[in-house]
Amino acid sequence: MENRKNIFIFLLGIVLIVSLFITSFLWGINKFTKSQSPKNNNLYHGDKKEVIDDNTRIVLKLRDNTSGKLSDYEVLNLVQLEDSIGKSVDKSRLEEFYSKQGYSLYSYNDKEFIFIKDVVPKFEPNKYYLGVENGCLAIYKSDSEGKLYIEDHEKDVTQKTVDSLPDGDKQLFKNYELKFNTKQEAYDILAEIQS
């Protein structure tokens with residue numbers, strides 16, 4: 001009888017040891033596979049929709065259809081767009097947001113998205129416009145076809161940078177929205193802005 005009792009206790013001990021081993025083995029495998037899975041879920045991989053990191057740069061560029069010249073229009077990050085696009089944005093949602101504004105996705109990686117919008121400039125012929133040349137404020141003249149050019153680079157391009165202006169004024173210059181009949185009118189406004 002005592003022999004049977006010892007065998008029963010021995011077998012029960014072995015069963016407990018094996019079950020503890022199996023349980024700890026499975027727990028370890030589960031823990032290991034979780035630690036090996038990518039922690040950064042802020043990238044877009046294939047068909048998986050994953051959230052873009054808030055610090056990812058969004059570069060908007062304009063491409064002049066007549067000259068093919070690319071110009072940086074705006075550089076943002078998702079935090080700046082939170083009010084208009086919301087939180088937790090994935091690639092397809094960002095692409096849809098900018099496609100509604102006429103932009104197409106040019107390239108992207110985990111740090112930057114570049115969108116390009118093709119534009120056909122529409123300037124009234126034989127007028128003067130305030131705009132931007134190499135980051136500085138400048139006076140442009142439109143020819144008889146409405147194409148812009150700078151008559152005298154030394155006089156018509158200032159040292160004042162567009163980045164030193166308030167946001168609303170930046171857009172006026174970047175979009176060439178200030179139009180004048182004479183060059184003197186353009187000089188007067190430029191002098192006001194520079195002072």
For region 150-184, how many residues are in a helix (DSSP H, G or I) and without any contact (Cβ under 8 Å) to a residue 40 or more places away in the chain? 13
Taking into account only those residues within region 58-113 that are without any contact (Cβ under 8 Å) to a residue 24 or more places away in the chain and aliphatic (A, V, I, L, M), which is farthest from Tyr176 (Cα to Cα)? Ile85
Every listed condition ((1) crowded, with 18+ Cβ neighbours inside 10 Å; (2) outside any strand (DSSP E or B); (3) over 14 Å from the mean Cα position of the chain (by Cα)) holds for Tyr140 save (2)
Do the conditions hold for Tyr187, that is, is it assigned to a helix (DSSP H, G or I) and either over 30 Å from Asp54 (Cβ atoms) or among the hydrophobic types (A, V, I, L, M, F, W, C) (or both)? yes
Mind checking which residues of region 98-126 are in contact with a Lys or Arg (Cβ under 8 Å, 6 or more places away or on another chain) and crowded, with 17+ Cβ neighbours inside 10 Å? Tyr103, Tyr108, Phe113, Ile114, Phe115, Ile116, Phe123
Contact list please: Cβ distance under 6 Å, first residue in region 115-144 and farther than 26 Å from Gln194 by Cα, second residue surrounded by 15 or more Cβ atoms within 10 Å (Cβ to Cβ) and polar (S, T, N, Q), pairs at least six apart or on different chains. Pro125/Ser142
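State whether the residues of region 33-43 include one that is outside any loop (DSSP other than H, G, I, E, B), among the small types (Gly, Ala, Ser) and at pLDDT below 75. Steps first, answer last, please.
Of the residues in region 33-43, the ones outside any loop (DSSP other than H, G, I, E, B) are 33-36.
Subset that is among the small types (Gly, Ala, Ser): 35.
From what's left, at pLDDT below 75: 35.
The answer is yes; a qualifying residue exists.
The values are calculated or read from the model by the stated rules, or taken from the named source; none is laboratory data. Bear in mind that the values here come from a model prediction, so they are computed numbers and not experimental data. Counting neighbours? That spans all protein chains shown, and the Cβs are built from the backbone with ideal geometry, glycine included.
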